[in-house]
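Notes follow the structure.
No value in this document is a laboratory result; all are computed from the given coordinates. Every value quoted in this text rests on a predicted model; they were computed, and no experiment measured them. Note: ideal-geometry Cβ built from the backbone for every residue, glycine included; neighbour counts use all protein chains shown.
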Amino acid sequence: MQLKSKLPNIGLSIFAKMTALANQHGAINLAQGFPDFPSSVKLTEMVYAAMRKGLNQYAPMPGVMSLRECIAEKINKIYNCNYSPDTEITITAGATQAIYTTITATIREGEEVIIFEPAYDCYAPSIRLSGGIPVPVELHAPDYKIDWEIVKKSVSQRTRMIMLNTPHNPTGSILSKDDMLQLEKIVAGKDIIILSDEVYEHIIFDNKKHESVLHYPNLRKRSIVVFSFGKTYHNTGWKIGYFLAPEFITKEIRNIHQFEVFSVNTPIQHALAEFMQDPKEYEQVGAMYQQKRNLFNDLLKNSKFKIRPSAGTYFQLLDYSAISDKHDMEFAEELCINHKVAAIPLSPFYRKGSNEKILRFCFAKQDDTLKNAAAILCKI
């Protein structure tokens with residue numbers, strides 16, 4: 001029996017590959033983006049309490065109402081806009097599921113989706129699985145800024161969606177107000193949906209503002225905005241997130257969502273609804289990660305690596321061009337095997353590859369982990 005692949009030549013994701021290599025060689029894993037410190041004890045106790053109360057059966061398909069109501073209150077407070085908990089907020093099994101389900105519900109055979117490369121690795125495969133065509137617009141070092149003239153030229157009669165990611169994984173760049181105004185002009189009068197991946201909304205540095213599409217009514221009315229509890233509360237393994245969208249879009253996405261996962265972990269939803277009552281739990285996240293970014297960068301200031309700006313996320317790009325001429329994949333493997341520090345090369349995030357000699361390091365780690373890794377990197 002033969003089976004024709006729907007995603008030929010994809011193979012193992014770069015995250016799984018580098019984590020497996022790190023485990024095999026006992027390397028410090030600054031590759032895959034997850035914290036090595038615990039989630040809040042208070043939050044986990046709330047989950048246990050919900051379990052003990054018997055809240056262990058299926059949640060409503062769109063999510064527990066108390067959690068959706070808390071999200072609506074938070075969105076109104078931060079972004080000064082109103083979303084209906086009943087018809088415009090949906091809890092998902094992580095942000096990746098929200099993205100995949102959105103694309104499945106909105107993209108049809110032959111329709112084009114503009115993505116910005118380096119692009120998170122689930123974007124293009126999700127588009128292809130729906131018969132869509134990813135249209136990449138490349139971003140480059142040192143600042144990874146969008147050239148909106150190229151975007152304008154990339155829009156065609158078949159363009160159905162533009163995907164944003166801010167703060168941006170893997171580069172740590174952020175979009176500005178001018179970026180959003182440029183985007184407004186491009187989509188005005190066109191039947192183009194915006195899918196905005198904003199899972200690092202609270203992890204932004206140096207007193208900069210998170211420029212969400214939610215701040216812009218003309219974008220908001222055509223946008224699906226995706227968020228992640230795992231990124232905010234340091235529990236990526238719980239795989240729980242949510243999306244906001246106008247009712248007419250939400251209805252179509254929920255039509256798919258109900259047959260993909262139906263509903264999401266019930267006790268965790270109840271616990272998050274209670275935990276969100278204290279805004280400090282998410283308001284302090286940016287400052288905590290800024291401290292870690294600053295520590296990591298300060299430890300590397302005398303190394304041969306060149307530090308690229310990180311305005312958000314918990315990732316830091318390091319340019320190794322003063323150390324080696326090797327391709328980033330080869331250098332990442334060498335770094336992991338010979339020096340016992342794992343990082344992520346950027347070339348897999350480009351359709352045509354790239355060799356700007358830059359690696360991505362995750363600093364969502366305990367300070368001692370960062371110190372040990374930096375000590376090794378400074379010797380290279």
Between residue 135 and residues 5 or more places away or on another chain, the pairs with built amide H atoms under 5 Å apart involve 113, 114, 115
Checked against the structure, the computed semi-axes √(5λ) of the Cα gyration tensor in Å among (1) 34, 28, 17; (2) 37, 22, 21; (3) 31, 26, 21 is the one labelled (3)
For the range 57-280, whose charge dipole is built from +1 on Lys and Arg Cβ atoms and -1 on Asp and Glu Cβ atoms, the candidate among 154, 133, 84 with its Cα farthest towards the positive end is 84
Total charge of the residues flanking residue 151 in space, meaning their Cβ is under 14 Å from its Cβ, with Lys and Arg +1 and Asp and Glu -1, is -3
Amide H proximity to residue 63 below 5 Å, modelled H, separation 5+ or other chain, gives 91
The size of the Cβ-based charge dipole (Lys, Arg +1; Asp, Glu -1) of the range 57-280 about the Cα centre, to the nearest 20 debye, is 240
With x for Gly and Pro, the residue-by-residue ³J(HN,Hα) of the range 203-213, computed from phi through the Karplus equation 6.51 cos²θ - 1.76 cosθ + 1.60 at θ = phi - 60° and given in whole Hz, is 9, 9, 10, 6, 6, 7, 9, 6, 8, 6, 4
When the charge dipole of the chain is computed with +1 on Lys and Arg Cβ and -1 on Asp and Glu Cβ about the Cα centre, the Cα farthest towards its positive end, among 279, 163, 244, belongs to 163
Summing -39500 (n - 2.57) over every DSSP H run of at least 4 in the chain, dividing by its residue total and rounding to the nearest 500, the 222 nm mean residue ellipticity is -11500 deg cm²/dmol
In debye to the nearest 20, the charge dipole size for the chain, taken about the Cα centre with +1 at each Lys and Arg Cβ and -1 at each Asp and Glu Cβ, equals 280
Here FRET efficiency (C-beta to C-beta, residue 149 to residue 44, R₀ 56 Å, nearest 0.05) is 0.70
The extension gain from residue 291 to residue 87, computed as 0.36 nm times the residue separation minus the Cα-Cα distance, is 69.6 nm
Taking Cα pairs closer than 8 Å and at least 6 residues apart, the relative contact order of the chain in percent is 26
Magnitude of the Cβ-charge dipole (Lys and Arg +1, Asp and Glu -1) of the range 317-375 about the Cα centre, nearest 20 debye, reported as 180
Violations at 30 Å Cα threshold for listed pairs 145/379; 53/74; 4/326; 74/185; 153/352 -> 145/379; 4/326
Label model pair residue 73, residue 10: point-to-point distance (7 angstrom along the Cα→beta-carbon line) in nm is 4.0
Scalar couplings 3J(HN,Hα) for the range 260-275 by Karplus 6.51 cos²θ - 1.76 cosθ + 1.60 (θ = phi - 60°), nearest whole Hz, x for Gly and Pro, are 8, 10, 6, 9, 10, 2, 5, x, 5, 4, 4, 5, 5, 4, 6, 5
dims of the range 268-307, Cα set, principal axes, largest to smallest, nearest Å -> 48, 17, 11
Whole-Hz Karplus couplings 3J(HN,Hα) for the range 10-23, θ = phi - 60° and coefficients 6.51, -1.76, 1.60, Gly and Pro as x, run 7, x, 5, 5, 5, 5, 5, 5, 6, 5, 4, 5, 4, 5
Length gained, residue 260-residue 376, 0.36 nm per residue minus C-alpha separation, equals 37.4 nm
